[in-house]
Amino acid sequence: MTSLTQRPEWKSLKSHKETLPPLKELNNRLTLSNQGVMLDYSKNSVTEETLTKLIALAKACDLEDWRDKMFSGDKINNTEERAVLHTALRASHGLTPSVDDTLARMKDISAKIRAEGKITDVVNIGIGGSDLGPHMVCESLKHLENTPRVHFVSNVDGAHITQTLKYLDPKTTLFLIASKTFTTQETMTNAHTARTWFLNTCSEKDIPEHFLALSTNKDAVITFGIPEENMFPFKDWVGGRYSLWSSIGLSICLSVGFDNFRSLLDGASAMDQHFKTAPLDQNMPVILGLLGVWYRNFWAAESVALLPYAQGLHRFPAFLQQMDMESNGKSVTRDGQSVNYATGPIIFGEAGTNGQHAFYQLIHQGTSLIPCDFILIKKPYNGNADHHKKLLANGLAQADALMNGQTLEEAGSDPHRVFEGNRPSNTIVLDELSPFHLGQLIALYEHKVFVQGIIWGLNSFDQPGVELGKILANNILKNGATTPLHRYVLEN
Ligand code: G6Q
């Protein structure tokens, strides 16, 4: 395989960059849309020619071929020898019988629990992919009718579970032990603590009514004491950070009802269809991904700010941090060769307008180029039109300010008030914060990350970088302190 930086398409982008006029002189009008999700990418340092060259790079990297391999279940996660088929979880009914069966069970149990009203609180115990996705979605859809209440416990810090359980009643609490492997230290520790707390008031025979397992590991679930009929399985081709679409999403069904969960899946499926069928130059995830490569590799941008102007989406940056950084934070290619180019950027963000009063200073006037994604919701979802207008005006204004800046003259000759401008951003607009549009948004970013992984030649579906620390933590637990710092911290 030709090395990425040796490709003529790469070299041509490099020289092309030097010929570009400043962003604020470009007057781009670039938009794409799909079923109520609109991407405005006008405020980017690109011309039609840049986009053509980026598409040529994608073609040279066989993007379409890799995309088709993913959808058809080839084992593209080569280091773990697994297919990558989260898209099959949200495809229309009848495609995969095991998926349909689990979905039917999720529908039944969520309808029953919501109708009976005996369970007031659901506690999802999971971490990483078994926490971030469902947590983010439940927060995003809080404006819908959401009973029972859902809580998420992830950290092994005992404070997390203790503070969560403090005001709960074991008799009306349902625990979801969400773990693909059912061996994760944090989750199993919290699950055992939850069980002990529960048994202080209730008895073993009550466990089936209060503990469900969302997992692939039947033996471990049964050993823990949860009967098989309380287990909601999924397959090994569902990666942790792509698992909210599987039974790991049961907290979502319980919180907002199965119909809304189905609508979330349908939205993601609509974006899958778009990704699969739209020509590359009209394909939202492809364009977003290529713009990311453009800034990361040709403008040396080290980070990307994700700025949702919606309080509901306040966990979206955290969710996407895992999605992007765990997938593409790698420095060897699929075949184990070291890369000589930059790969995944640092993702950070905060719900607008809070971020404006915190770190936007650096984005506007700092010395780093930080491409931004603004996410706006057209329709107020909180019933308060006045607040919503202000929210949207702020988001739009920030993007304008980043691009246009403020000259010394406009700043009244005060150099502290000069904004150089020419700072790029995308604006993604959802018609509403509905489950369908949220599903589309999540899938849009999943595929964006996929596109970038393909260009960089990475396996975006493993996460070996998180293993070493886990092993060392277990060694410390087993062998005790071995360095002065260990002793200082561990020995009282
Ligand atoms: C995600 C990762 C990781 C995983 C957690 C939890 O892609 O694989 O974040 O989700 O480590 O794993 P379990 O679900 O197995 O507990």
Inset, instruction - Output the pairs from LYS330/LYS470; LYS118/LYS235; LYS118/LYS180; LYS142/LYS390; LYS107/LYS142 with a Cα-Cα distance over 26 Å in this structure; if there are none, say none. - result: LYS118/LYS235; LYS118/LYS180
Legend entry - Dimensionless Rg over Rh [the stretch 114-230; C-alpha; Kirkwood]: 0.94
Inset, instruction - Filter the trypsin sites (Lys or Arg not before Pro) in the stretch 119-183 down to the DSSP loop ones having no more than 11 other Cβ atoms within 10 Å, then list what survives. - result: LYS166
Legend entry - Burial order of peptide ranges 39-48, 97-106 (average beta-carbon count within 10 Å, highest first): 39-48, 97-106
Legend entry - Cα-based reach from LYS112 at 18 Å (exclusive), listing lysines while leaving out same-chain residues under 8 positions away: LYS171
Legend entry - Gained length - ALA411 relative to ALA159, 0.36 nm times residue gap less alpha-carbon distance: 85.8 nm
Inset, instruction - Return the sequence-ordered ³J(HN,Hα) values of the stretch 169-183 in whole Hz as given by the Karplus equation 6.51 cos²θ - 1.76 cosθ + 1.60 applied to θ = phi - 60°, using x for Gly and Pro. - result: 10, x, 5, 10, 10, 10, 9, 10, 8, 9, 7, 4, 8, 6, 10
Inset, instruction - Take the alpha-carbon positions of the chain, form their convex hull, and give its projected area averaged over all directions (one quarter of the hull surface) in nm². - result: 26.4
Inset, instruction - Would you mind computing Rg(Cα) / (2.2 N^0.38 Å) for the stretch 284-440, counting N as its residues? - result: 1.14
Inset, instruction - Find the Rg to Rh ratio for the stretch 332-402, where Rh is the Kirkwood radius over alpha-carbon pairs and Rg uses the same atoms. - result: 1.16
Legend entry - Helical mean residue ellipticity (222 nm; -39500 (n - 2.57) per DSSP H run of 4+; nearest 500) of the chain: -13500 deg cm²/dmol
Inset, instruction - Give me the accessible area of HIS160, 1.4 Å probe, in Å² rounded to the nearest 10. - result: 60
Legend entry - Additional length obtainable on full extension of the chain from ASP65 to ASN354, 0.36 nm per residue less Cα span: 99.9 nm
Inset, instruction - Mind checking the full-extension length gain between ASN27 and THR367? Use 0.36 nm per residue of separation minus the Cα-Cα distance, one decimal, nm. - result: 120.0 nm
Inset, instruction - Just tell me which aspartates and glutamates come within less than 16 Å, Cα to Cα, of LYS389; anything on the same chain fewer than 8 places away is out. - result: ASP431, GLU432
Legend entry - Between the stretch 430-479 and the stretch 279-298, the Cα center-to-center distance that results, in Å: 18
Inset, instruction - Only Cα pairs under 8 Å and at least 6 apart count here; give the relative contact order of the stretch 66-210 as a rounded whole percent. - result: 21
Legend entry - DSSP-defined antiparallel bridges as percent of all bridges, the chain, nearest 5: 25
Inset, instruction - Specify which residue in the list ASN340, ASN459, MET188 is farthest towards the positive end of the charge dipole of the chain, using unit charges on the beta carbon of Lys, Arg (+1) and Asp, Glu (-1), about the Cα centre. - result: MET188
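The values are calculated or read from the model by the stated rules, or taken from the named source; none is laboratory data. Note that the structure is a prediction, hence the values are computed from the model and not measured. We place every Cβ from the backbone using ideal geometry, glycine too, and count neighbours over all the protein chains shown. When the accessible area is computed, the model is the full protein with side chains, heavy atoms only, and any ligands, DNA or RNA have been set aside. Shrake-Rupley method; radii C 1.70, N 1.55, O 1.52, S 1.80 Å.
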